[in-house]
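Let me begin by presenting the structure, written as structure tokens, before commenting on it.
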Amino acid sequence: MALLEILKYPDPRLSKVARPVSNVTDATVQLISDMLETMYAAPGVGLAATQVGVLQRIVVLDVDHENPRTNVYKLVNPFITHSEGQLVWEEGCLSVVDFTAEVRRAEHVQVVALDEHGKERTIEAEGLLAVALQHEIDHLDGKLFIDRISRLKRDLYTRRRRKMLRTGIEPSESTQVMI
Ligand code: GNR
Ligand code: NI
């Protein structure tokens, strides 16, 4: 069991496309276990392998933190097979610190993936699970939720983040833009 380091924007590794897992091995099972520990410790409702610097198509999710570990998804090579409707959800990301924004996504998705035994599974999702699945699969394709908001909002965030990294000082509340 190990906690993994979560990469933060603007780490260039977050923009890489992850490769499919060809065989689900003991190493895959170990990575999934470490990713789950890291996700719960953060805490977050999902985590993609890309966020811990592993460019393999692996995602873990648990959107029910009231009853942790009862509805855990361990997904290998997940892909969206059907999506329907639209919604707008206020998203955050463990790799995008101190920022949330509304993002438009599909309302319902069907996702097919392998589980930790290499068995194919189909998931029908709506609400937060649907949003989180789309958010995590985006990570595997090198995309962050800030790539899905207006350029104005993204630029305000990326400038604030770069300034923070340069100076080590958080801008005051009044200059923070959380829209
Ligand atoms: O913990 C998380 N919460 C969240 C809230 C709304 C939309 C997406 C997410 S995913 C995020 C964890 C994360 O960054 N996963 O990649
Ligand atoms: Ni994220």
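Kindly indicate whether any position in the range 69-87 is on the phi > 0 side of the Ramachandran plot, in a strand (DSSP E or B) and more than 12 Å from ligand 1 (Cβ to nearest atom). Taking every residue of the range 69-87 in turn, at least one turns out to be on the phi > 0 side of the Ramachandran plot, in a strand (DSSP E or B) and more than 12 Å from ligand 1 (Cβ to nearest atom).
In summary, Pro78 fulfils each of the numbered conditions (1) farther than 19 Å from Thr28 by Cβ; (2) within 14 Å of the chain's Cα centre (by Cα) with the single exception of condition (1). Here Ala2 meets each of (1) in contact (Cβ under 8 Å) with a residue 40 or more places away in the chain; (2) in a loop (DSSP other than H, G, I, E, B) with one exception, condition (1).
Residue-wise test of (1) of a type in the set (Val, Ile, Thr); (2) more than 19 Å from Ala130 (Cβ to Cβ).
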residue: Met1; (1), (2): no, yes
residue: Val29; (1), (2): yes, yes
residue: Ala48; (1), (2): no, no
residue: Glu66; (1), (2): no, no
residue: Gly85; (1), (2): no, no
residue: Glu102; (1), (2): no, no
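Do we find a residue being within 15 Å of ligand 2 (Cβ to nearest atom), surrounded by 15 or more Cβ atoms within 10 Å (Cβ to Cβ) and in contact (Cβ under 8 Å) with a residue 60 or more places away in the chain anywhere in the range 103-115? For the range 103-115, residues within 15 Å of ligand 2 (Cβ to nearest atom), surrounded by 15 or more Cβ atoms within 10 Å (Cβ to Cβ) and in contact (Cβ under 8 Å) with a residue 60 or more places away in the chain: absent.
Looking only at residues of the range 53-73 that are under 14 Å from the mean Cα position of the chain (by Cα) and either surrounded by fewer than 22 Cβ atoms within 10 Å (Cβ to Cβ) or of a type in the set (Phe, Trp, Tyr) (or both), we find that the one that is farthest from Ala2 (Cα to Cα) is Val63. Checked against the criterion of being surrounded by 14 or more Cβ atoms within 10 Å (Cβ to Cβ), modelled with pLDDT of 95 or more and in a helix (DSSP H, G or I), the candidates Leu47, Leu31 yield just one match: Leu31.
Of the residues Glu5, Glu91, the single one that is at pLDDT 95 or above, surrounded by 13 or more Cβ atoms within 10 Å (Cβ to Cβ) and of a type outside the set (Gly, Ala, Ser) is Glu91.
Here the range 116-137 is the region considered, the condition is being of a type in the set (Asp, Glu) and surrounded by fewer than 22 Cβ atoms within 10 Å (Cβ to Cβ), and the residue that is farthest from Tyr157 (Cα to Cα) is Glu120. Report, by residue number, each residue of the range 64-93 that is of a type in the set (A, V, I, L, M, F, W, C), within 16 Å of ligand 2 (Cβ to nearest atom) and touching a Ser or Thr at 6+ places or on another chain (Cβ under 9 Å). Within the range 64-93, Cys93 is the sole residue that qualifies.
The values are calculated or read from the model by the stated rules, or taken from the named source; none is laboratory data. Quick caveat: nothing in here was measured; it's all calculated off a predicted structure. We place every Cβ from the backbone using ideal geometry, glycine too, and count neighbours over all the protein chains shown.
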